[in-house]
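The values are calculated or read from the model by the stated rules, or taken from the named source; none is laboratory data. Keep in mind the model is a prediction, meaning the values are calculated, not measured. Cβ placement follows ideal geometry from the backbone for every residue including glycine, while neighbour counts extend to all protein chains displayed. These accessible areas exclude ligands, DNA and RNA; they are computed on the full protein's heavy atoms, side chains included. Shrake-Rupley method; radii C 1.70, N 1.55, O 1.52, S 1.80 Å.
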Protein chains: 4
Amino acid sequence: MPEPKQAVGRPRDSRVDHAIAGATRELLAERGYAKLTVDAVASRAGIGKAAIYRRFATKQEMIFAATVHDMEEQPPPDSGSLRGDLEAVCEVIAKQLSTAPPDVLHGLLADIHGDKALGARFSGTFIERERFVIDTVLERALERGELAAKPDAAIVHAQLLGPIFYWILILIGDHGRLADLGRSVAAMVADSLTASG
Amino acid sequence: MPEPKQAVGRPRDSRVDHAIAGATRELLAERGYAKLTVDAVASRAGIGKAAIYRRFATKQEMIFAATVHDMEEQPPPDSGSLRGDLEAVCEVIAKQLSTAPPDVLHGLLADIHGDKALGARFSGTFIERERFVIDTVLERALERGELAAKPDAAIVHAQLLGPIFYWILILIGDHGRLADLGRSVAAMVADSLTASG
Amino acid sequence: MPEPKQAVGRPRDSRVDHAIAGATRELLAERGYAKLTVDAVASRAGIGKAAIYRRFATKQEMIFAATVHDMEEQPPPDSGSLRGDLEAVCEVIAKQLSTAPPDVLHGLLADIHGDKALGARFSGTFIERERFVIDTVLERALERGELAAKPDAAIVHAQLLGPIFYWILILIGDHGRLADLGRSVAAMVADSLTASG
Amino acid sequence: MPEPKQAVGRPRDSRVDHAIAGATRELLAERGYAKLTVDAVASRAGIGKAAIYRRFATKQEMIFAATVHDMEEQPPPDSGSLRGDLEAVCEVIAKQLSTAPPDVLHGLLADIHGDKALGARFSGTFIERERFVIDTVLERALERGELAAKPDAAIVHAQLLGPIFYWILILIGDHGRLADLGRSVAAMVADSLTASG
DNA sequence: GGCTAAACGAGACGGTACGTCGCGTCTTGAG
DNA sequence: CTCAAGACGCGACGTACCGTCTCGTTTAGCC
């Protein structure tokens with residue numbers, strides 16, 4: 001039975017992990033993504049740069065870990081209808097996107113897509129989870145008989161979540177109206193699927 | 001009659017402007033957004049760095065000018081129906097987004113939203129144009145009698161274009177299916193508006 | 001009879017020459033040699049840079065012309081003795097060197113010896129004049145019978161003027177004591193020549 | 001007991017100091033003072049520019065440290081006579097000045113006198129050492145009884161070393177005759193002091 | 001309790017790009 | 001042909017950040 005790591009030497013200090021994540025989030029909020037430097041994070045956290053690079057290979061990984069921390073993304077509880085389920089999905093996504101300022105999201109996306117490895121990991125986790133949630137919701141509708149045939153999940157994915165991302169990332173729209181937008185999109189997509197499908 | 005500028009001293013050489021824009025676009029295509037350097041642009045363009053910084057305050061402004069340059073974004077010719085008009089809008093946007101590699105789009109968006117001034121200019125030109133196009137199309141539908149009341153243009157904007165941006169920027173989806181996506185979204189939005197409106 | 005120059009077109013404005021020299025001297029006094037820029041001279045003089053480069057090939061030539069303006073350096077009137085003549089020579093040189101701040105002299109010397117052409121011109125005028133003055137004074141002493149044989153003028157040159165330059169340029173010594181230094185050096189050199197020669 | 005510095009963090013690498021000084025001296029010899037660039041020094045030394053600017057505030061400080069480095073300037077061994085001692089002083093100074101090409105000396109002097117701080121440091125080290133050497137030699141002569149009273153050391157300083165600097169810096173004279181010049185100046189100054197003192 | 005090995009804060013290191021500044025040249029329109 | 005204004009190519013400057021690498025010290029687990 002292989003132990004994952006030989007536990008010799010001084011163990012990592014978990015307070016350092018929290019200090020890094022905390023300092024990163026603080027500085028992102030104070031100065032924005034573009035002005036975030038590793039030295040500033042180390043200084044604010046009261047630690048050395050080596051402690052950061054012992055944990056993360058690059059600055060981007062560090063930010064990724066500090067911001068995209070708790071990606072649960074479970075399918076929502078069955079609401080009894082496709083429309084209700086889609087609304088719930090929109091709501092969860094909107095809430096998640098609203099936690100970070102838009103410049104952080106853009107910076108992160110740019111770095112993610114500028115680095116092959118990070119990009120693959122992003123698609124393999126974040127996107128895959130979303131796809132799975134949408135798949136699950138559509139399956140439920142099939143079982144209920146709301147849908148006759150299984151629609152293309154990728155298309156539905158874009159139709160449902162695209163407007164939310166666009167509102168937050170591109171339009172920098174009012175967050176108070178996000179709930180309305182989510183409901184209207186969910187209704188529209190549900191109607192479209194049940195009518196044509 | 002206010003002259004915009006006193007034409008004193010040697011005037012700016014418009015060939016330099018074109019050389020900068022051309023070199024920027026070439027190098028973006030060849031090396032990607034992250035690897036673009038101002039020195040490389042100057043060298044490729046056969047000019048000095050000073051000529052660049054005389055025109056743009058930062059590297060980001062230079063890229064902005066070189067890429068978001070000929071955003072025409074005229075409303076499409078009247079197709080006779082709301083659905084047809086929306087399809088045409090989707091098609092134009094999809095084509096524009098497809099010309100640039102995705103990492104350029106992400107880098108540009110990140111820089112735009114990382115700089116107040118650039119962000120304002122982006123909203124004031126690109127977004128405003130899109131909004132105007134959508135407004136125009138909705139007005140036509142009102143005149144035709146397809147719509148009873150004017151819908152919220154911002155919501156329609158997100159519903160229509162969000163999925164396309166999402167497909168390209170987040171999903172890094174197949175460009176071959178963009179046309180299908182555009183048609184399906186246009187149909188869905190048109191149905192939604194005519195049914196509920 | 002060949003005119004030295006074809007007098008066609010607009011003649012040079014002599015006020016421009018004076019403005020250049022004046023601005024150069026002002027800025028040298030205000031900011032020092034190292035901080036003097038051609039743009040600043042043009043701006044202060046209220047003229048264009050082209051007017052400067054039409055007159056001088058380089059910045060150094062401009063400064064040279066503005067500072068080393070009236071190099072007369074005639075041999076002093078015959079005082080009746082070698083010692084008196086040498087004193088007079090020291091006095092004149094000391095007065096000339098005292099007009100410019102030491103940083104200007106050093107800057108000028110550095111530039112002069114960094115540029116072959118300028119260096120040759122400097123040696124050909126300034127140094128040659130000094131040498132001629134010393135030669136003349138020594139000839140007089142020979143005729144008077146103070147000296148039996150003609151000493152090596154180059155060595156005398158260094159012995160006599162070296163201390164003056166050193167005092168001003170290297171020691172940044174008190175200008176009030178320059179007269180004393182000159183007298184003591186003149187006496188010493190005269191004694192040395194009349195005793196050993 | 002005051003520790004000069006808290007020895008925290010990685011200490012400076014002394015090999016880097018030597019590499020900087022070595023590269024600087026090499027490049028000064030190869031290309032001359034005016035063509036020396038910080039980038040070239042860093043490249044030649046195999047180090048980064050930051051390592052240079054961590055040690056020196058400006059390029060001038062770097063050159064100063066690399067050239068005015070091992071100014072030992074000990075008083076010469078007692079030769080038994082004032083004249084012998086003065087000859088020895090001249091010889092040492094002439095040898096030191098002959099090692100560097102004249103354009104380096106001029107450049108260095110220009111930079112030293114163009115920067116307050118550097119000028120003060122130059123006076124406080126180099127000049128002070130020379131003065132001390134001369135003082136020591138004069139004290140010996142007093143003890144021997146060659147001199148009745150202590151002469152003005154500053155004047156003697158200029159009288160003795162001025163001609164040598166002038167020969168090298170201004171006249172760009174033949175180095176082969178420097179020894180002769182030194183001897184003649186030493187004799188002249190010694191005679192002058194013993195006669196008048 | 002002592003030994004070993006890794007983690008720690010601090011900060012120096014090589015490298016790369018940035019945005020600025022100065023030089024000497026060139027290009028306007030006016031005189 | 002000259003002038004004032006100012007853009008141009010070039011190249012060096014000094015700064016900032018990245019990810020790596022020593023330092024000397026601290027902290028755990030195993031003997």
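Brief remarks on what is shown
- Per-residue SASA entry for D:PHE132, accessible area with 1.4 Å probe, Å² rounded to 10: 120
- Span from the the stretch A:60-109 Cα centroid across to the the stretch D:11-56 one, whole angstrom: 52
- Solvent exposure of D:ARG121, expressed as accessible area, is near 110 Å², computed with a probe of 1.4 Å over the protein chains only.
- Label reach from D:THR37 (point 7 Å along Cα→C-beta): in the stretch C:48-86, no amide nitrogen lies under 13 Å.
- Using a 1.4 Å probe over protein heavy atoms, the accessible area lost on pairing D with C, summed over both chains, comes to approximately 2800 Å².
- The orientation-averaged projection of the convex hull spanning the C-alpha atoms of chain D amounts to 14.2 square nanometres.
- Of the residues A:GLY46, B:ALA148, C:PHE126, the one whose Cα sits farthest towards the positive end of the charge dipole of the protein assembly as shown is C:PHE126 (charges of +1 on Lys and Arg Cβ, -1 on Asp and Glu Cβ, taken about the Cα centre).
- Once both labels are positioned 7 Å from their Cα atoms along Cα-to-Cβ, the gap between C:ILE172 and D:GLU128 label points is 1.4 nm.
- 222 nm mean residue ellipticity, helices alone, for chain C (DSSP H n ≥ 4; -39,500 (n - 2.57); rounded to 500): -20500 deg cm²/dmol
- Choice from C:ALA158, C:ALA50, C:ALA66 with maximal GNM fluctuation in chain C (Cα, 10 Å cutoff): C:ALA50
- Descending principal axes extents, the stretch A:82-196, alpha-carbon based, whole Å: 42, 34, 19
- Qualifying trypsin sites (Lys or Arg not before Pro) in the stretch B:10-92, where qualification requires a DSSP coil assignment and no more than 15 other C-beta atoms within 10 Å, comprise B:ARG12, B:LYS35.
- Rel. contact order, % - alpha carbon contacts under 8 angstrom, at least six apart, chain C: 23
- Listed residues B:ALA120, B:ALA65, B:ALA141, most fluctuating in chain B (Gaussian network, C-alpha, under 10 Å): B:ALA120
- For a label point 7 Å along the Cα-to-beta-carbon line of C:ALA51, residues of the stretch B:8-49 with backbone N under 18 Å: B:8-10
- R0 of 45 Å, Cβ-Cβ distance D:ASP17-A:ARG183: FRET efficiency to nearest 0.05: 0.05
- Violating pairs (Cα-Cα greater than 25 angstrom) within the set C:LYS150/D:LYS95; A:LYS150/B:LYS95; B:LYS49/C:LYS49: C:LYS150/D:LYS95; A:LYS150/B:LYS95
- For the protein assembly as shown, Kirkwood radius (reciprocal of mean inverse C-alpha pair distance, Å): 34.3
- Bridgeable aspartates and glutamates around D:LYS59 (alpha carbons under 17 Å apart, same-chain partners fewer than 8 residues away excluded): D:ASP17, D:GLU26, D:ASP39, D:ASP103, D:ASP111, D:ASP115.
- Ranking C:ASP191, D:ASP13 by solvent-accessible area of protein heavy atoms (1.4 Å probe, all protein chains present), from largest to smallest, gives C:ASP191, D:ASP13.
- Cα centre as origin, Lys/Arg/Asp/Glu Cβ charges: the stretch A:1-141 dipole, Debye: 800
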